[in-house]
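The values are calculated or read from the model by the stated rules, or taken from the named source; none is laboratory data. The structure presented is a predicted model; accordingly, all values stated were derived computationally and were not measured. Cβ placement follows ideal geometry from the backbone for every residue including glycine, while neighbour counts extend to all protein chains displayed. Please note that ligands, DNA and RNA were not included when accessible areas were found on the heavy atoms of the full protein model with its side chains. Shrake-Rupley method; radii C 1.70, N 1.55, O 1.52, S 1.80 Å.
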Amino acid sequence: MLKKVVGSAIVALALACNPVMAKDKYEWTFQSSDQPGIFMYQMAENYGKWMEEMSEGQVKISVAPVGSVVQYNETLDSVSAGILQGEFTDPSYFAGHDPAFGIIGNTVGAFGHPSEALKFINYGGGKEILQKLYDKYNVHLIGVVITGVEAFVSSKPLNGVDDLKGLKMRAPEGMVQKVFAAAGAAPVNLPGSEVYTSLEKGVIDAADYTLFSVNHKQGMHKIGKYPVFPGFHSMPLQVVTINKDIWESLPKDIQTMMETAVWRLATEVFFQYEIQDLEAAAQARAEGIEISDWSLEERAKFRNIARGQWESVTSQSPLAKEYVDALVKFMKSQGLM
């Protein structure tokens, strides 16, 4: 009995004194695609705080602002090379690497609510396809966050697809412009800083801009009195990634913590944006703003127009094709197409 007690004491002493037996510490830099003060940047910082709390100080993540280490469209390569350990960003920035990044980052016209996007990404095959893309760059996808459904600002009533015909509207170049042009609108490329004055002067009738609450804070509804909300056309996503070599070296409990923290991040972003948007919508209605909420039938019409543009990308990338095929299958299974 004495031998067993002494033996246990020696083992305990060895564990206490041997630094090799202590838990490894991890200190990483993840660059955000946002500036300090922006809501999504604050949420990225929260992710770091949650990880430090859950790991009891074992993991410390410093969040770097956009452009502080590398340019916004260079983070993928930097995470791949280990210059950055991870990123919070929009995968659309890497469409030049593979067109699939662009269509996954914002599948224009696909989703009318963040829950639809999160269901497809996490349970409809979207995440697995995106990981195949990241595998090419030695990057691991920890998880996906939906930044909110964008509303639509308009100075003319818009109650369905037919009302888009001939509509002079601001839209960023690329997929968004192509989809609206296919729907009959006349999209033009304008910087966000010119949206308000262009609407005010009648240069444009409408604009794809940002979230309803942000539009309202900026006074867009003073001149665009016929917004469409919830939006029907654009719902960008953000990814949380990490260098794949680092990921594969981590113990399972740390990996699980990181995945769990992304779920919390996605949930908080989703709910907080929705709360802000609904509060702003109620305020807008009280101010006499006429908000249009498109029917499911009209949303499906627009989605089918958008589908033609999604499929135009599939010949450029096998993974874009795999993604679109999986998305269409999911949409049909959910009665959305």
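Quick rundown of the values:
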{"item": "Test: residue in the stretch 199-215 that is more than 17 Å from residue 291 (Cβ to Cβ), crowded, with 21+ Cβ neighbours inside 10 Å and of a type in the set (Lys, Arg)", "result": "no"}
{"item": "The stretch 154-174, residues that are open to solvent by 40 Å² or more (accessible area, probe 1.4 Å) and not in a strand (DSSP E or B)", "result": "155, 156, 157, 159, 162, 163, 165, 166, 172, 173"}
{"item": "Of the criteria (1) touching a Leu at 6+ places or on another chain (Cβ under 8 Å); (2) surrounded by fewer than 23 Cβ atoms within 10 Å (Cβ to Cβ), which one residue 193 fails", "result": "(1)"}
{"item": "Inter-residue pairs, beta-carbon under 6 Å, first over 16 Å from residue 100 (Cα atoms) and in the stretch 301-321, second small (Gly, Ala, Ser) and part of a helix (DSSP H, G or I), 6+ apart", "result": "305/182"}
{"item": "Residue among 257, 337 that is open to solvent by 20 Å² or more (accessible area, probe 1.4 Å), among the hydrophobic types (A, V, I, L, M, F, W, C), under 30 Å from residue 45 (Cα atoms) and in contact (Cβ under 8 Å) with a residue 12 or more places away in the chain", "result": "257"}
{"item": "Residue match in the stretch 230-251 (condition: without any contact (Cβ under 8 Å) to a residue 60 or more places away in the chain, surrounded by 14 or more Cβ atoms within 10 Å (Cβ to Cβ), in a helix (DSSP H, G or I) and out of contact with any strand residue (DSSP E or B) (no Cβ under 8 Å at 6 or more places or on another chain))", "result": "no"}
{"item": "Residue within the stretch 302-313 that is in a helix (DSSP H, G or I), open to solvent by 60 Å² or more (accessible area, probe 1.4 Å), among the hydroxyl-bearing types (Ser, Thr, Tyr) and over 30 Å from residue 225 (Cβ atoms) present", "result": "no"}
{"item": "Of the criteria (1) free of Cβ contacts under 8 Å to residues at least 40 places away in the same chain; (2) touching an Asp or Glu at 6+ places or on another chain (Cβ under 8 Å); (3) aromatic (Phe, Trp, Tyr), which one residue 101 fails", "result": "(2)"}
